[in-house]
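Chemist: First, the structure itself, so that you have it in front of you.
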Amino acid sequence: MQIEAVRNPDLVTLNRQYSARHVTRHNMTKFRAPKIDTVRVGVIGLGNRGPNHVKALVQIGNVEIRALCDKTPQQIQRGLAWTQAAGHEPTIHTGSEDAWQACCQQADLDLIFVCTPIPLHAPISIYAMRQGKHVACEVPAAWEMADCWKLVQAAEETRRHFMMLENYSYMTFQLQTLMMAKAGFFGDIVHAEGAYNTSKVNNNLGSKAKGTWGTGNYTDWWWLKAYAERRGNLYPTHGVGPIAQIMDINRGDQFDYMVSMESGDFNLAAKARELAQDDPDTYTPLSKLAYRGNMNTTLIRTVRGRTIVVQHDAHTPQPHNLIHGIYGTAGCALFDPPPPRIATGGHWVDESECAAIRERFTPELARKLGASTERHGHGGSDLRMDWHLIDCLRNGLPLPQDVYDAAAWSALAPLSQWSVLNRSSAIDIPDFTAGAWKTNPRNMDINFEDGGGNTDLLPPVEPATDVDDALARQWAQDHG
């Protein structure tokens, strides 16, 4: 395994230079592309997340899956299992590292789903937009600061939508707390906390019980390499995304600056040393790598003076924990650890009152899709998100999450690394909207107040083989 040294680029100068050059060519927050009655989709990357999106897409009306792409021919079958069962006939792109380019060039596509390893997210997305395609990209959108700026530039210049697929914004409690915030339930929101904390040791190093011994869950050990080559919060968007939408970040408020601190590695290298006792050839080299700390904590202050804590821990044995705490002058809410809770008047309300409040603030999107989401990953959020994206494209509506959201939330990864490597110094978070955040309208129209909501939901499909997302099943187990 080839490991690069941890880099510490001068992000202060880089962001100053990009900010000085950036002039908004077109405000993508308000952008309405021409309506697409039948959305023709290509999916790139059929490892862990791609098949789950294919599973959702074949259940959404007016969608044609016209292309499947993965460098590994065997992975293509994970997508074909769903498309064949649903009667789709996609073109196949496989067998080379750059097969994705041919997929992006395919003329009969409107939308590309990018579900590859994270280092490829930005390059593929930018290329796809410049080929005239709208893009839906897995999280985070980028790991490099310059790529965050380039994504914004590409979307504005091509006038193509870019949506980062932050599915945790579509979880039931997160949708309900978003509705509560819009209705003023919390009063003025003062502080929020979010996280992606869950044990990924077996996913990264492999497990005999899960059949991933000696390989891990990820192609070419790419996630494990990232933990050796990077510092900071590598995976910030699950924690910060739902909070940013509740706080109207990029739409009335803006990230201002942040600091980040992380622990040492007490767990990952030690686990590799343990595994090396059974397989020294594979695991001894992995045990000698210098991994990022097990827990990273980032603190953000907004222009309006509100604060946000974002954590990432993938190595200690804690259960899946998103926190998702919202604290306002009139009320509070907390998702993890379970059960989800709501507070008014300085105390957590009882179970029946909590259920009544949640029911009152359940949005139309969740009501419309109802129990049909239960078969889908991450508490049904995968289907809700993909359906909402397709519905917006079919109705010519602004997207629920735009390229500025993707850039701002993803930028926390390189910015947190800079802060950690500079003794937790503060660093400004750039404004990708070029000041438009002051007047941008709210997004996430989950009550269809601006139209839409008319895309059909089709019966679920039964593939011939089990190709469900193993990571989504792990989430279901943790939140059962």
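The values are calculated or read from the model by the stated rules, or taken from the named source; none is laboratory data. Predicted model, so just to flag it, every value in this text is computed and none were measured. Neighbour counts are summed over all protein chains in view; Cβ atoms, including those assigned to glycine, are modelled from backbone coordinates with ideal geometry. Heads up: the accessible areas ignore ligands, DNA and RNA and are worked out on the full protein's heavy atoms, side chains in. Shrake-Rupley method; radii C 1.70, N 1.55, O 1.52, S 1.80 Å.
Chemist: How large is the convex hull of the Cα atoms of region 52-170 per residue, expressed in Å³ as a whole number?
Modeler: Spread over its residues, the Cα hull of region 52-170 gives 109 Å³ apiece.
Chemist: Report the Cys residues of the chain lacking a disulfide-compatible partner, meaning no second Cys Cβ under 4.7 Å from their Cβ.
Modeler: 104, 115, 137, 148, 332, 354, 392
Chemist: Stretch residue 209-residue 359 to full length: gain in nm at 0.36 nm per residue minus the Cα-Cα span?
Modeler: 50.0 nm
Chemist: Can you pull the one-decimal nm distance between simple spin-label points at residue 146 and residue 434, each 7 Å off the Cα toward Cβ?
Modeler: So the label points at residue 146 and residue 434 sit 2.1 nm apart.
Chemist: Given H placed on each backbone N at 1.01 Å, which residues far from residue 91 in sequence or on other chains put an amide H within less than 5 Å of it?
Modeler: 67, 68
Chemist: Additional query: Quick one: length gained pulling residue 279 to residue 102 fully straight, 0.36 nm per residue minus the C-alpha distance?
Modeler: 59.8 nm
Chemist: Leaving out ligands and nucleic acids, and using a 1.4 Å probe, what accessible area per residue does region 31-104 come to in Å²?
Modeler: On a per-residue basis, region 31-104 sits at 38 Å².
Chemist: Residue 344 to residue 442: FRET efficiency via 1/(1 + (r/R0)^6), r the Cβ-Cβ distance, R0 35 Å, to the nearest 0.05?
Modeler: Efficiency for this residue pair is about 0.90.
Chemist: Which listed residue (23, 339, 152) has the Cα farthest towards the positive end of the charge dipole for the chain, taking +1 on Lys and Arg C-beta and -1 on Asp and Glu C-beta about the Cα centre?
Modeler: About the Cα centre, the residue reaching furthest to the positive side is 23.
Chemist: Quick query: amide H of residue 40 versus all other amide H atoms, modeled in the peptide plane; which residues come in under 5 Å with a sequence gap of 5 or more or a different chain?
Modeler: 64, 110, 111
Chemist: Let me ask you something else. Please enumerate, by chain and number, the lysines with C-alpha under 21 Å from the C-alpha of residue 35, excluding those fewer than 8 residues away in the same chain.
Modeler: Within the straight-line cut-off, residue 35 pairs with 133.
Chemist: Next question. Taking loop as defined by DSSP and a crowding limit of 10 other beta carbons within 10 Å, which trypsin sites (Lys or Arg not before Pro) in region 379-429 fit?
Modeler: Qualifying residues, ordered by number: 423.
Chemist: Bin width 20 Å, alpha-carbon pairs only: give the P(r) of the chain as whole percents, running from 0 to the bin holding the largest distance.
Modeler: Cα pair-distance distribution for the chain, in percent: 24, 60, 15, 0.
Chemist: Out of region 1-104, which GluC sites (Glu not before Pro) are coil in DSSP terms and have no more than 12 other C-beta atoms within 10 Å?
Modeler: Sparse-neighbourhood loop GluC sites (Glu not before Pro): 4, 97.
Chemist: Please report, in debye to the nearest 20, how large the charge dipole of the chain is about its Cα centre when each Lys and Arg carries +1 at its beta carbon and each Asp and Glu carries -1 there.
Modeler: Here the chain has a charge dipole of around 780 debye.
Chemist: Report, for the chain, the % of DSSP beta bridges that are antiparallel, rounded to 5.
Modeler: Roughly 50 percent of the DSSP beta bridges within the chain come out antiparallel.
Chemist: Based on DSSP H runs of at least 4 residues, each adding -39500 (n - 2.57), what is the mean residue ellipticity at 222 nm of the chain after dividing by all its residues, to the nearest 500 deg cm²/dmol?
Modeler: The per-residue figure over the chain is -10500 deg cm²/dmol.
Chemist: Where the eigenvalues come from the Cα gyration tensor of region 364-435, what are the semi-axes √(5λ) of the equivalent ellipsoid, largest first, in whole Å?
Modeler: 34, 18, 8
Chemist: Would you kindly calculate the mean projected area, averaged across all directions, of the convex hull enclosing the Cα atoms of region 228-288, in square nanometres?
Modeler: 5.9 nm²
Chemist: Place a +1 charge on the Cβ of each Lys and Arg in region 1-130 and a -1 charge on the Cβ of each Asp and Glu, then give the dipole magnitude about the Cα centre in debye, rounded to the nearest 20.
Modeler: With only Lys, Arg, Asp and Glu charged at Cβ, the dipole is about 560 debye.
Chemist: Given a 1.4 angstrom probe, I'd like the percentage of the accessible area of region 54-160 that is carbon and sulfur, rounded to a whole number.
Modeler: Carbon and sulfur together cover 44 percent of it.
Chemist: Work out the length of the dipole vector of region 159-243 about its Cα centre, built from +1 on the beta-carbon of each Lys and Arg and -1 on the beta-carbon of each Asp and Glu, and round it to the nearest 20 debye.
Modeler: Taking the Cα centre of region 159-243 as origin, the dipole is about 320 debye.
Chemist: Step through the table entries 200/225; 182/368; 55/271; 30/150, compare each Cα-Cα distance with 23 Å, and write down the pairs that go over it.
Modeler: 55/271
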